[in-house]
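Working notes for the structure below.
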Amino acid sequence: MISVSLIWTLIRVFILSFLGTVGLNILFRYLGQKGLMGNLFPNVRGGIPRAVGIVPFIILSFWLPTGYNNLVLIIGIFALIDDLMGRKKIFDLQMEWGQLSRGIGMLLVMICGFYSGFGVSSILIALLVQPLNIADMQPGSASIVTIVMSIIAILIMLFVGVAPIQEIPAYYTPLLILVVCLAYCPLDFAGKIMLGEVGNHSFAVALGIAFYMIGGFIPTLILTFITICLSAFVRRNTLKVFFAERLNIGNPTFGDYFMDALTGGGLGDLLRRIFLKENQYRVKNDMLIILGFRRLLYNPYAKNKFHIPNSKYRARLN
């Protein structure tokens, strides 16, 4: 049974998240229209405040159980640097400052998580950043994933009967994530604001912590896989067009969507550059196509790009 004090805590959190989101949206728009926000006010749909996810980041950093909140604090700080730096190249290197900051943040989450008792699960917690980051490329998608996965975590905890964490009901953590996201998401669904890296990274690591609380590595692994699948599913329609028009991947399979959620974005492309160099490999095997290897092996840095093995895999967009 949820206590009265816990209810009041969640009510306060909801109010703070809602008012903070609305207030930051107004402030960022005002400053952005005066040209004072830089990368935090991209010219999308006439200008949209980016990194409004600072509000969820701050709340989760303060209200998650002590010791667990450190991981959110780490990833949030480096993600905010990513938001501020944007797509700026590191001198003449084929790497961006934002990619470097995100990579350092994920690495520190793995290291600190390992020594804080999460063990190997800390790797999965850090890697959850990727699917939430990819989901955030579409208005409301990252919020949908966060809401659904936090509800799933709550239901599993109640069904299994997870023991309290630091004398606090275990379901408090996913419930906190849910309440914060519900208060934040109305403007996100309307396409008026963006979580930014600081927001989607914070939700990702917080979800990973909630998954771990259920029972360690195995639940974290299973729910991480489900999170990736859900991220791919909610973006499938826009990805279908993106694949056909930008990547020349026609008639994509769910495996392609999954691989995009798992390896898409700048960090994934950087790894492709490292491992594939300037090579582009043709995928002909039907099973590999189903599993999404066309997307996995698509190399934006390749000299010769080809990816549609034959006409039956061409896009059908009508």
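Classify region 15-170 from the C-alpha gyration tensor, please: rounded if a/c falls under 1.5, else prolate or oblate depending on whether a/b exceeds b/c. Cα axes put region 15-170 in the oblate bin. Based on C-alpha pairs under 8 angstrom that are at least 6 apart in sequence, region 237-313 has a relative contact order of 39 percent. Here region 164-318 is assigned +1 on the Cβ of each Lys and Arg and -1 on the Cβ of each Asp and Glu. Its dipole about the Cα centre then comes out at about 980 debye.
If you average the sequence gap of Cα pairs under 8 Å that are 6 or more apart and divide by the length of region 30-74, what percent do you get for the contact order?
Reported as a whole number, the value is 22 percent.
Work out which helices of the chain, taken as complete DSSP H runs, extend at least 15 Å along their axis over the Cα atoms and score a mean Kyte-Doolittle of 1.6 or more, then list them. All intermediate terms of the calculation are to be shown ahead of the outcome.
On the way: long enough: 4-33 (43 Å, 1.44); 69-85 (24 Å, 1.74); 97-113 (24 Å, 1.15); 141-160 (28 Å, 2.71); 172-189 (25 Å, 1.75); 196-215 (30 Å, 1.01); 217-234 (25 Å, 2.32); 265-276 (16 Å, 0.73).
Passing helices, by number: 69-85, 141-160, 172-189, 217-234.
Which ordering of MET194, MET37 is given by a fewest-first count of other beta-carbon atoms within 10 Å? Mind showing how you got there, number by number?
On the way: MET194 26, MET37 19.
If I rank by nearby Cβ atoms, fewest first, I get MET37, MET194.
Report, in deg cm²/dmol and to the nearest 500, the calculated mean residue ellipticity at 222 nm for the chain, where each DSSP H run with n ≥ 4 adds -39500 (n - 2.57) and the sum is divided by the residue count. Result for the chain, helices only: -20500 deg cm²/dmol. A simple packing score, the average count of other Cβ atoms within 10 Å per residue, orders the peptides 230-236, 271-277 as 230-236, 271-277, with the highest score first.
Arrange TYR30, TYR301, TYR68 by Cβ neighbour counts within 10 Å, fewest through most, would you?
Details: TYR30 12, TYR301 16, TYR68 22.
Arranged by neighbour count, lowest to highest, TYR30, TYR301, TYR68 become TYR30, TYR301, TYR68.
Panel order for TRP97, TRP8, by other beta carbons found within 10 Å of each beta carbon, from fewest to most: TRP8, TRP97.
Among the listed pairs LYS34/LYS192; LYS277/LYS303; LYS89/LYS240, which are separated by more than 20 Å between their Cα atoms? Before the final figure, lay out each step's value.
Working: LYS34/LYS192 18 Å; LYS277/LYS303 10 Å; LYS89/LYS240 29 Å.
Among LYS34/LYS192; LYS277/LYS303; LYS89/LYS240, the Cα-Cα distance tops 20 Å for LYS89/LYS240.
Using 0.36 nm per residue and subtracting the Cα-Cα separation, the extra length available between VAL160 and TYR115 on full extension is 13.5 nm. Ordering of 127-136, 288-297 by packing is 127-136, 288-297, highest average first (other Cβ atoms within 10 Å, averaged per residue).
Using only side-chain charges placed at the Cβ, +1 for Lys and Arg and -1 for Asp and Glu, the dipole size of region 237-313 relative to its Cα centre rounds to 240 debye. Going 7 Å from the Cα of LYS89 toward and past its Cβ, which residues in region 266-282 have a backbone nitrogen under 17 Å from where you end up? Counting only backbone N, you get 266-267, 269-271, 273-274, 278. Summing Cβ point charges (Lys, Arg +1; Asp, Glu -1) relative to the Cα centre of the chain gives a dipole of roughly 1220 debye.
Read-outs throughout are calculated quantities, based only on the coordinates presented, and are distinct from any laboratory measurement. Treat the numbers as computed from the prediction; the structure is a model and nothing was measured. Ideal geometry is used to build each Cβ from the backbone, glycine not excepted, and the neighbour counts take in all protein chains shown.
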